[in-house]
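Inspection log for the structure reproduced underneath, given as structure tokens.
No value in this document is a laboratory result; all are computed from the given coordinates. If you're wondering where the values come from, they're calculated on a predicted model, not measured in any experiment.
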Amino acid sequence: MSNLPKVVADLVTAQNSFDSLAYADCFSETAVVVDEGKTYNGKTEIRNWIAKANLEYQATMKPLDYSVADQTLKAEVSGNFPGSPLVLTYGYQIEHGKIQSLKIV
């Protein structure tokens, strides 16, 4: 998918290689992630959350559609979880080339 911002493309690559350090590096120091009703603040919490999720779910992302106007990515997510694969929507706020917030619904 060619219209992905570089940081979002980097995030997908990091997720698909289960690289929690590279994943966390896509975020600013003060970033916030909301997933499954839980909030993770800052790079350390985000890195710990994705490392645990990678071990538990081994989820990979296949980008389906990116809206530049809404800063949303629809992706097919496959892994070790009930209902796999699912289509999830990732809502981003990007500042200075880093993800400031991510909401997964």
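In percent, rounded to a whole number, the relative contact order of the chain is 26, using alpha-carbon pairs under 8 Å and six or more apart. Counting lysine pairs in the chain that sit 8 or more residues apart in sequence, or on different chains, and whose Cα atoms lie under 23 Å apart gives 21. Computed over the chain, the per-residue total of -39500 (n - 2.57) for DSSP H runs of n ≥ 4 gives a 222 nm mean residue ellipticity of -9000 deg cm²/dmol, rounded to 500.
If the segment from residue 16 to residue 4 were pulled out straight at 0.36 nm per residue, it would be longer than the present Cα-Cα gap by 2.8 nm.
One Cα centroid belongs to the range 48-85, the other to the range 18-45; the line between them spans 14 Å. Dividing the Cα radius of gyration of the chain by 2.2 N^0.38 Å, with N the residue count, gives 0.97.
Couplings for the range 22-37, taken from phi via the Karplus curve 6.51 cos²θ - 1.76 cosθ + 1.60 with θ = phi - 60°, read 5, 4, 4, 5, 6, 9, 6, 4, 9, 5, 10, 10, 10, 8, 6, x Hz in order; Gly and Pro are left as x.
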